[in-house]
Each structure stands twice: as C-alpha cells, then as structure tokens.
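Let me begin by presenting the structure, written as structure tokens, before commenting on it.
The values are calculated or read from the model by the stated rules, or taken from the named source; none is laboratory data. Keep in mind it's a predicted model, so treat the numbers as computed, not measured. All Cβ positions, even for glycine, are placed from backbone atoms using ideal geometry, and neighbour counts span all protein chains on display. Ligands, DNA and RNA are excluded from the accessible area calculation, which covers all protein heavy atoms including side chains. Shrake-Rupley method; radii C 1.70, N 1.55, O 1.52, S 1.80 Å.
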Amino acid sequence: MGLLTFKGGIHPDDGKRFSKDQAVKPLLPKGDMVYPLSQHIGAPANPVVKKGDHVLKGQMIADAGGFVSAPVYSSVSGTVKGLEQRFNPAGTKTECIVIENDGQYQEVDYEPVKPLEELTREEILDMIARAGIVGMGGAGFPTRVKLSPKEPDKIDYIIANCAECEPYITADYRRMLENTEDLVSGMRVVLSLFPNAKGIFAVEDNKKDCIEKLNQVVANEPRMDVKALMTKYPQGAERQLIYAVTKRAINSSMLPADAGCIVDNVETLIGIHNAVINGRPLTERVVTVSGDAVENPGNFRVLLGTNHRELIEAAGGFKAEPEKLISGGPMMGFAMVTLDAPVTKTSSSILAFKEDAVSRNPETACINCGRCVEVCPSRIIPSRLADYANRQDEESFVAMNGLECVECGSCSYVCPAKRQLKQAIGGMRKIALANKKKK
C-alpha cells in the first residue's frame, strides 16, 4: 500500500539533522516574563491582575475576551510590573503583561480532577477552554471552539498532525518520542467528545521511530490508528493532511468539520492531556532552537513568556553573527526583528542563519516555466495570482481562486526567477478576506 499524500509539494533540505537527536531539556528563565494578551486567533485576553500584584505559577493573569479567545496564565511566581507594549515574535508591538520573575516558581494549589469517564462533554470542553489551550502548531485557534462543531456526531476522524513537515523544526518529533503516552492520552480525551470518530496519528515516513513507538502505545486502543505519510512539504498543512488521510477535499469556505474531520497538533493534544487529566493550565511548550548560526542546536521545554535571547543562550549562543532570525519554520515562519520577544503559545522554534539566502537572490522576470503551478498543493496558478496582486486587481485575484492559497511558500521556493510569489499572494489574500467579511 502506498504512502498517503496529496498532489504537488516540494522536498526542501529538511535541516532536522541539527536538532532531531537532542532530547528535550528544561529551561528555567532568569529575566522578566512577558505575556502578550493576543496569543491566539480572536479577541485578546483581558487582564485580571494589576501592577504590584504578586502571582503564582499557574495563576490566571488574563481571562478570555469572548468565546473565540483564550485565557493566559503566569508560568512563574513573581510581581506584576504592569501592562506594556512589547514586540511579539512576528515583529509587531502588542499589549503584554510583564512579570518580574522571583525565581521561586511557587505554584497554585490546583483543584483535584475527576477521572475522564466521569466527566461530561461540557465539563471537558470547559476544562480545555479554562486551561487556555489553542492550536499550537502556529494557527492559535482556540481549541474549545474547534472541538465544538454544530454536529459532533458527524465527525468521523480526529487527526493528530504529527507530520512536522517544516524544515529544521523537531519539537513535535521529540514530543512523539518522549511523551508518547501523554499524546495518546490527549487523543483519548478528544475521542471521548466524538462517539463516532476514529483517531488517526498521521506521521511522515521519515520518522519511522515515532511510527513504531506510537503503534506500540495504541496497540490496545481500538479507536486509534497510525498512518504513514509521504515525506513532503507541506504535508502538515490542514487541507493537504485531511486529503492525504481521508481523500476528502475542503476549500477556503469550509471548515475541517464540514468534511467530518478535526485536526489537532501534537503539542495541542499534549496540552489537552495536561488540562483534562492533570488539571493544569497551559504554561509551557517545547521549542526547537536551530540553524547554522547556532552553537548547539536543540529542543527545550520553555515556560511561556521567556525571552528568545535566553533560548539562544541555552543553545550555546551564536557561533557566527546571524543575518536572518526566524520564528517558526523557514517556509511559513516570521522574520524576527529582535530577539527581545517572548515565547508564546504558538512559538514552535527560533532559527538563526549565517546568511539571508532570500535577500541575496534578486528577483527577475517570470519565464513562464510553470514550476510554481506544478508544486502548488492548492492547484492554483501562483505566477498569475502574484501578477494580479502586484496590480491590486482584487476582482481577478478572487476569480482565479486566490483565496485557496494556503501560503505554504512552495511556489517561491521553486521559482527560478526568485519572485516573491507567496508574499504577494498572501498580502492580497488578506485584503480580499478582510473585504469579504465586510460584505
């Protein structure tokens, strides 16, 4: 039987050799902790502490600002310094709660939790919401909302996105190996909400050790299975993953639930386990520190709010001054303007490179080679869409299915003219989506 996949995609150097064999190391921060109020899609969280308050680890410091929102918890004990404008990893300034870390890590007394089988559906969803769980693969969509489709009985598949197809990032890989039972427990929690669903762990076949470990742990789980995916980028993109696993297609006007599917990232499922089984809020995540400018690339269990500069120091610092810093992966991440930004719920990695390969290759004229069309997983025409975007022709852009772009960057990667296709299309797509909402 062939490996599961989709049409299109690319095979960039995955760069995972730098950090994949490095076990996760805990990192205790030394400096101030910074907590953005917007670490998720939807309304920002509302502060519930003020300057001068003493807080404990695990204490809520900002409550959800609506149904599509998520609370924020302190990951340390210390004193609130105030509400300040600080940079987030994407390079924009946002409202943040700043806490002076006292280094004591005194923790709140958590309420005891009931066994999973004694919890009602609403109790489970409430525990997930109150714990501040969001999509931690990068999207940041509040998980309680995702797990509350209109017709839960029509959900056929809960797909654990174990692909981790972005180059360099190995945080999920280490989680799958080191926290397999917690990952499976998180899937068990989600399956309890959907009586007709089957749980699928979808793993790229370059992670054979993870596939073997997961198969061992789910051997006695009749509602769970492990599926091997072809190693290809962007295999972990939601639409492509759903198609690879189920052969069901969705477009930009649909949700995964419309195809009977729910997709959750590895880190998200572990967060669900901690929230429902252990009664713990989201205060940490695993982050990869990698790239050819890093002295000792590795994977670190990081308290949310930790400064990225401390992450670099934990990895031995820079062995050469980097030209490029990226939060997330090189294909879909953000170029960082400063290291003085906090780790957030959606921070999967920080990458540092000696050279900025993109800026060293000037853009030239399109030669109509069609390579961007060949690799596009959405089966659209990136070169033409970029032309419409550059001309601000929104009507033609939408008519040519520009909204179907998943902004994976495959087109820019293969373009011999080095055109910034993803950037042009992504910019116009955001404008078109915003205008669509106004109508």
Isolated Cys in the chain, by beta carbon distance under 4.7 Å: C96, C162, C165, C210, C261, C366, C369, C376, C405, C408, C415
Accessible carbon and sulfur surface of the stretch 143-241 relative to its total accessible area, %, 1.4 Å: 46
E111, E310, ranked by accessible area, largest first (probe 1.4 Å): E111, E310
Helix runs (DSSP H) in the chain reaching 15 Å along axis by Cα, Kyte-Doolittle at least -0.5: 180-191, 266-276, 421-438
At most 15 other Cβ within 10 Å, DSSP loop - GluC sites (Glu not before Pro), the stretch 140-215: none
Within the stretch 1-88, trypsin sites (Lys or Arg not before Pro) in DSSP loop having at most 15 other beta-carbon neighbours inside 10 Å: K7, K30, K50, K51
Set K247/K436; K150/K247; K30/K93 screened for pairs whose C-alpha atoms are more than 25 Å apart: K247/K436
Selected from P281, P222, P142 as most flexible by GNM, with the chain as the system and alpha-carbon contacts under 10 Å: P222
Accessible surface, the stretch 155-227, averaged per residue in Å² (probe 1.4 Å): 34
Sites matching GluC sites (Glu not before Pro) across the stretch 247-303 that sit in DSSP coil, with at most 16 neighbouring C-beta atoms within 10 Å: E295
Prolate/oblate/rounded label for the stretch 12-107 (Cα gyration tensor, a/c 1.5): oblate
Accessible area (Å², 1.4 Å probe, nearest 10) - V34: 10
Heavy atoms of L27: accessible area, 1.4 Å probe, square angstrom to 10: 30
Shape category assigned to the stretch 116-216 from the gyration tensor of Cα positions, a/c cut at 1.5: prolate
Heavy-atom SASA rank of V108, V358 (probe 1.4 Å, accessible area, largest first): V358, V108
Exposure rank, largest accessible area first [F67, F353, F318; 1.4 Å]: F67, F318, F353
Residue-normalised accessible area of the stretch 358-439, given per residue in Å² at a 1.4 Å probe: 58
Cα gyration tensor shape for the stretch 201-285, rounded if a/c is under 1.5, else prolate or oblate: oblate
Estimated 222 nm signal from helices in the chain, with DSSP H stretches of n ≥ 4 weighted -39500 (n - 2.57), rounded to 500: -7500 deg cm²/dmol
Average accessible area per residue (Å²) across the stretch 45-145 - probe 1.4 Å, nucleic acids and ligands excluded: 47
